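The structure appears below as structure tokens.
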């Protein structure tokens, strides 16, 4: 347990020393700021014509999910691919560290960094609350951010597993992004063609927009995200273990 | 009683059809420096990776301090310090931070004090705050070594520890290894024979996954050398009469004048002919500039052994062709059983 925490802390602090992580964080917050501003400006214009309409928290929560799909691969790509390229993986795998501890530690570090970004974005609901009267409904804010954290946990875990497959960060990034987009869009064909529900159940966005974004907490969605995270960590551990056997 | 720290039995590793190491057997006692000598691709790194718990062997067992490298991998890893061939360093960390991180992973108590201690040992205390990315190759090697001894491992495994260092650094690192070898068991691989000769109590010569020789550097020399070789340098070119007189000496087997003016004399093992040689040289009117015993270098031994190996192998391969393939197939299962 302690070993896991040592690795997690190192990964977390490493994000603050690498320019790529800063760039990703900067883009994330910049895009959110632009979207927030544009939405506020648009609703302000509209409120002249339709008095009473006010922006709700979805203007900030919904774009964040999309942003996560693009930002997380950039943050997880390095985790194991870099260690494998630099040969430092040899050091970690010959230290008294279990493979699972290594993977979970790496994941926890990246998850905590993404969680930090998400929590920084809490500033927007606070600002929004000041802008509208009589204030915003905090229910969807809480469920929305909870959903975002759960989604981030899943995405970072899957990203960690994909990173373990590669020696090259760029390859890890592209593969992770492709994988996320697949998961993101899985539900679309079945929606339009009325196919089986299973695709929709596997769809990453389906578990967010229909519930968390509307202020609903459904255990099925929590289980979906948690099992996704567990699957990613398990796969990552297996990938590292099989690396040893080659 | 001296404890066996490394025990390897029937260790085999195959990568698909390629056999990297084939039924290796060796052991090392506490406080011993064991040299692993062989050409590139002989299986040195593979053996080391198995011993450090990085990868499991295909068959066979290896124990470090009594712990099985696969079944008690974590216990083994606690007791082993490892410096891989490509020194694994994080370029974005400072030297001290790196050592503290590695120390924490290995549960080193009072890790910061210990990090300073090893930094002093490798002579890097003035670069503690430098980023690893800015260090020279020799310094990186020393940081790697510091990392390997950080947790006071019982067994130290070093894969080509002096590769890419300048001569002064090589001497420094060798002294350091010798220092460490007093308390720890050290297994080091190298293809620099002089290094093995200087550092190791015992040398394993490995080629194509087999151990071709195992002995102390001195014994290896004794074993392969027919007689004592003596090199004599005289002032000016040696006259033929001198060579004839030298040949006549008791115990001298061969005298040859070499192109560079040196005289090479091969004497019988055990007979001391040097006083007579000196006298003969002076009596024949030459000035004696230098006389030394030229031991056969490990280099020559190495080439000789590797040469024998390849020769016997080609014979064996020739024999194999005569055998039917069914015999081969039958032989394999019995080997595993």
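Based on DSSP H segments of at least four residues, each scored -39500 (n - 2.57), the protein assembly as shown has a per-residue ellipticity at 222 nm of -18500 deg cm²/dmol.
Here residue B:191 and residue B:241 are evaluated by their C-beta separation; at R0 = 30 Å the FRET efficiency comes out at 0.10. Relative to the longest principal axis of the Cα atoms of chain A, the long axis of helix A:19-49 makes an angle of roughly 10 degrees. Note on segment B:114-232: percent of Cα-Cα distances in each 5 Å bin, starting at 0 and stopping at the bin with the largest distance, equals 2, 10, 19, 20, 17, 13, 9, 5, 4, 2, 1, 0. With respect to chain A, whose longest principal axis is taken over its alpha-carbon atoms, helix A:138-165 is tilted by about 30°.
In whole percents, the pair-distance distribution calculated for segment A:130-246 from its alpha-carbon pairs, binned every 10 Å from zero, is 13, 35, 30, 16, 5, 1, 0.
Sorted largest first, the principal axis extents computed over the alpha-carbon atoms of segment A:64-157 equal 59, 21, 16 Å. For segment B:1-102, the fraction of C-alpha pairs more than 22 angstrom apart is 36%. With N as its number of residues, segment B:4-222 has a Cα radius of gyration that, divided by 2.2 N^0.38 Å, comes to 0.99.
For the protein assembly as shown, the ratio of Cα radius of gyration to the globular rule of thumb 2.2 N^0.38 Å stands at 1.36. The C-alpha atoms of chain A define a longest principal axis, and helix A:99-120 lies at about 20 degrees to it.
Applying 1/(1 + (r/R0)^6) with r as the Cβ-Cβ distance of residue B:179 and residue A:70 and R0 = 51 angstrom yields a FRET efficiency of 0.45. By the count of other C-beta atoms within 10 Å, a proxy for reagent exposure, B:14, B:168 are ordered fewest to most as B:168, B:14.
Quote the FRET efficiency, to the nearest 0.05, computed for residue A:62 versus residue A:226 with a Förster distance R0 of 25 Å and r equal to the Cβ-Cβ distance.
Efficiency, from the Cβ-Cβ distance: 0.70.
For a modelled paramagnetic label at residue B:68, 7 Å from Cα along Cα-to-Cβ, the residues of segment A:217-246 in reach, with backbone nitrogen under 18 Å, are A:245.
Placing dummy labels 7 Å off each Cα toward the beta-carbon, the span from residue B:136 to residue A:41 is 5.8 nm. With the simple model of a label 7 Å out from the Cα in the direction of the Cβ, residue A:201 to residue A:85 spans 3.9 nm. Exposure proxy ranking for B:116, A:138, based on other Cβ atoms within 10 angstrom of each Cβ and starting from the fewest, stands as A:138, B:116. For segment B:40-80, would you read off the P(r) tail past 17 Å as a percentage of all alpha carbon pairs? Here the long-distance tail beyond 17 Å is 22 percent of all Cα pairs in segment B:40-80.
Label zone (residue B:256, point 7 Å along Cα-to-C-beta; backbone nitrogen cut-off 11 Å) within segment B:269-291: none.
When A:110, A:95 are sorted by how many other C-beta atoms sit within 10 angstrom of their C-beta, beginning with the fewest, the order is A:95, A:110. Stokes-Einstein diffusion for segment B:226-293 at 37 °C, viscosity 0.692 mPa s, with a Kirkwood radius from C-alpha pairs, works out to 282 µm²/s. Modelled this way, with points 7 Å down the Cα-to-C-beta line, the labels at residue B:218 and residue B:249 are 2.4 nm from one another. Taking the empirical scaling 2.2 N^0.38 Å for compact globular proteins as reference, segment A:2-245 has a Cα radius of gyration ratio of 1.09.
Normalised by the residues of segment A:85-161, what does the relative contact order come to in percent, with Cα pairs under 8 Å and at least six apart?
Taking the mean separation of contacting Cα pairs over the length of segment A:85-161, I get 41 percent.
Panel note: the C-alpha atoms of segment B:41-145, placed on their principal axes, show extents of 46, 34, 22 Å (largest first).
Every number in this text was worked out from the coordinates using simple rules, so none of it is lab data. This structure is a prediction, so every number in the text was calculated from the model and none was measured. All Cβ positions, glycine included, derive from the backbone under ideal geometry; neighbour counts span all protein chains shown.
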